[in-house]
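Accompanying notes for the structure given below.
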Amino acid sequence: MRRAGPATPDSPSPSRAFERRARISRLACCLVGFSSAFGCLVGCAKVDTGAAVNTDAGSTGDGTAPWDASAVVDIAIRGEVGSVISVDGGDLGLNCTRALRAVIRDFKGVMTNAMDVKHPDFDVPVVSELGIVGPMIGSDQKPVYAAPATSMLMHGPDLFAQWYRDVPDVNMKFEIDLALTPHATKAGTFVYDNDMFFPIDTMGFGNQYQAHNYHFTSELHFKFPYRGGEEFTFRGDDDLWLFVNGHLAIDLGGVHIAQTGTVRLDEKAAAFGIVPNNTYQMDIFHAERHPSDSTFHIETTLQCIDNVVIP
């Protein structure tokens, strides 16, 4: 171990150096952008103020040369001050939340009188069908129809295009929030778990003499910071397609009992074109097309959700 020499103006004493690091860390923490005063205090309390700090802002230990606050912010953004960098994604310009914004569109799934025209894609047989959508999301950030013109479940691209677009007299749109909560036993994992996912009962076109409103689609879009090691799992029914950076990552197409799909981002990073410490978008498209069950379960280690509104 090298013995510390006497303190000089160019070589601040250990106590001054420690104080300088603490001041820089506290300021950087608050400037990086915690969402509340409490969050800032908690985040700063976790900073390793003993970590080495290397700045170009001049001496800060004896007060003779004031340091540059902009340099401190830049250091914090680059993650060079201990653990100052925000684990929630604020350093990447994200407005983090743990409430997923879902757009729900109601459809007529059954005929309730002679004048009604039900949507042909709803209230169809129970059959799984992969490949309904293509491997890449469309330029309008909607799934691209890739199934045959007709099948047991599908009736062509024009009718499928109505699933996730507003069409007067065909669907009715609602917006809801799905709160992600900490997993009871898995640290760093967040869940939404609903085995009775009927968010628009009695709304829209109504339950159509059914126990619930069974005929609707769900659409979610959000940005997230990819750090490395994140996973996303969905379990539910009926159709579910999940895209990461425009690439189809989970295909649970068709009308079926609850099925599960998981994407481990590290395993697909090269295929999806994603690199750690960057921001990417996830797009989720779901449909409930047949009585009697509706399950919607999310389990993820994503630490930040920044909702995106897609018309």
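The values are calculated or read from the model by the stated rules, or taken from the named source; none is laboratory data. Remember, it's a predicted structure, so these values are computed and weren't measured experimentally. Cβ placement follows ideal geometry from the backbone for every residue including glycine, while neighbour counts extend to all protein chains displayed. Side chains included, ligands, DNA and RNA excluded: accessible areas come from the protein's heavy atoms. Shrake-Rupley method; radii C 1.70, N 1.55, O 1.52, S 1.80 Å.
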**Prompt:** In region 258-310, what residues are touching a residue at least 60 places away in the same chain (Cβ under 8 Å), β-branched (Val, Ile, Thr) and open to solvent by 20 Å² or more (accessible area, probe 1.4 Å)?
**Reply:** Thr279, Thr301, Val308, Val309, Ile310
**Asked** Looking at this structure, is Ala287 within 20 Å of Val144 (Cα to Cα) and not in a strand (DSSP E or B)?
**Response** no
**Message:** Here is a list: Lys108, Lys142, Lys118. Which entry is charged (D, E, K, R) and farther than 30 Å from Ala211 by Cβ?
**Reply:** Lys142
**Asked** Any idea how many residues of region 244-257 are aliphatic (A, V, I, L, M), assigned to a strand (DSSP E or B) and either on the phi > 0 side of the Ramachandran plot or open to solvent by less than 10 Å² (accessible area, probe 1.4 Å) (or both)?
**Response** 2
**Message:** Looking at the structure I just gave you, is Lys118 touching a Gly at 6+ places or on another chain (Cβ under 8 Å) and assigned to a loop (DSSP other than H, G, I, E, B)?
**Reply:** yes
**Message:** I'd like to check something: does region 163-179 contain any residue that is more than 21 Å from Val255 (Cβ to Cβ) and of a type in the set (Phe, Trp, Tyr)?
**Reply:** yes
**Request:** State the number of residues belonging to region 166-176 that are open to solvent by 80 Å² or more (accessible area, probe 1.4 Å) and of a type outside the set (D, E, K, R).
**Result:** 1
